[in-house]
Amino acid sequence: MRFRNKPWAAEYIAEHSYYCILGPENRKGKWHEVFGNEHPIHIEVGTGKGTFITEMAKANPHINYIGIELFESVVVKALERAVVANVPNVKLLNVNAEKLTEYFDKNEVDRVYLNFSDPWPKKRHAKRRLTYKTFLDLYKSVLVPKGEIHFKTDNRGLFEFSLMSFSEYGLLLNYVSLDLHNSDYEGNIMTEYEEKFSSKGFPIYRCEVQYKE
Ligand code: SAM
């Protein structure tokens, strides 16, 4: 992902605050009010340019999606996509997932998606991986009981690390594929990174895990 400075991004975000929520800490515990319905809330952590979340929202109008992206220059691409698609069940947050509990209340989120998270291959950076135990604590703090994490990546090292991390945490493994695109899994929606890596012939790893309580 390249982070070109986009001087117009802040202005574009302010103009489209229906989709990219400003001051999301003020919406903690009120996300159903924001969407105006009681539909389940699925969040994608590290949403990138937003193809996945927008296409998921189009395919599943009775689910509310919230994409969380650290970089303004990236979230603005997801915002442009949501505006063009005109999908009321998408919201975007330009925040750091490390502060997830500042934005969401206990039991407010029904599912977490992690797609092609940064691998942070150096061992000393393991704590930054979005499947490290401190992040699993954060997801648990905002998820409903028995909530799920759906994770996919092209990075074998990150996948191995994540399976171990999920297992050590005591999560249940409900689904695993070491080659998603050649599996019988139906209804896959590709992300930008997935398009890029699968077109180069790399296998895509995917799993679904669930908290026991
Ligand atoms: N999910 C997209 C895809 O599959 O095409 C983007 C993948 S990209 C490798 C990872 C994204 O996660 C980047 O846009 C990065 O800025 C974002 N990210 C990484 N750490 C994050 C964090 N702590 N909070 C929010 N976003 C984060």
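The values are calculated or read from the model by the stated rules, or taken from the named source; none is laboratory data. Everything quoted here is computed from the prediction, not taken from an experiment. In this analysis, Cβ positions are derived from the backbone assuming ideal geometry, glycine residues included, and neighbour counts consider all displayed protein chains. Ligands, DNA and RNA are stripped out before the accessible areas are found, and what is left, the full protein with its side chains, is counted by its heavy atoms. Shrake-Rupley method; radii C 1.70, N 1.55, O 1.52, S 1.80 Å.
For segment 145-213, the solvent-accessible area works out to 55 Å² per residue, with a probe of 1.4 Å and every protein chain left in place.
Beta bridges per DSSP, both residues in the chain: antiparallel share near 35 percent.
Based only on Cα atoms, what mean projected area does the convex hull of segment 37-114 have, in nm²? Mind dumping the intermediate values first?
Details: hull surface 18.8 nm².
If you wrap the Cα atoms of segment 37-114 in a convex hull and average its projections, you get 4.7 nm².
For segment 154-197, treating each Cα as an identical point scatterer without solvent, what Debye log10 I(q)/I(0) comes out at q = 0.21 1/Å? So the normalised log intensities are -0.88.
Charges were assigned to the Cβ only: +1 to each Lys and Arg, -1 to each Asp and Glu. The resulting dipole of segment 25-97 about its Cα centre is roughly 60 debye.
Evaluated at q = 0.20, 0.21, 0.30 Å⁻¹, a Debye calculation over the C-alpha positions of segment 1-65 (equal weights, vacuum) places log10 I(q)/I(0) at -1.02, -1.10, -1.36. Less than 5 angstrom separates the built amide H of Tyr175 from those of Glu208, all sequence-distant by 5 or more or on a different chain.
Calculation over all alpha carbon pairs of segment 71-167 in 10 angstrom steps from 0 returns a P(r) of 14, 41, 36, 9, 0 percent. Ligands, DNA and RNA are left out, and with a 1.4 angstrom probe the accessible area of segment 1-84 is 50 Å² per residue. Charge dipole of the chain (Cα centre as origin; +1 on each Lys and Arg Cβ, -1 on each Asp and Glu Cβ, all else neutral): 740 debye, rounded to the nearest 20. Computed log10 I(q)/I(0) for the chain at 0.09, 0.10, 0.13, 0.17 Å⁻¹: -0.33, -0.41, -0.71, -1.27, from the Debye equation with unit scatterers placed on every C-alpha and solvent omitted.
So, with a 1.4 angstrom probe, what is the percent of accessible area on the chain that is carbon and sulfur? Reported share for carbon and sulfur atoms: 49 percent. The loop-placed GluC sites (Glu not before Pro) in segment 1-48, going by DSSP, that have at most 11 neighbouring Cβ atoms within 10 Å of their Cβ come out as Glu38.
Across the alpha-carbon set of segment 94-144, the Rg to Rh ratio works out to 0.99, Rh being the Kirkwood radius.
Write out the trypsin sites (Lys or Arg not before Pro) in segment 1-97 meeting two conditions: DSSP loop, and at most 16 other Cβ atoms within 10 Å of their Cβ. Mind dumping the intermediate values first?
Values: sites: Arg2, Arg4, Arg27, Lys28, Lys30, Lys49, Lys58, Lys77, Arg81, Lys91; in loops: Arg2, Arg4, Lys28, Lys30, Lys49.
Sites meeting the loop and neighbour criteria: Arg2, Arg4, Lys28, Lys30.
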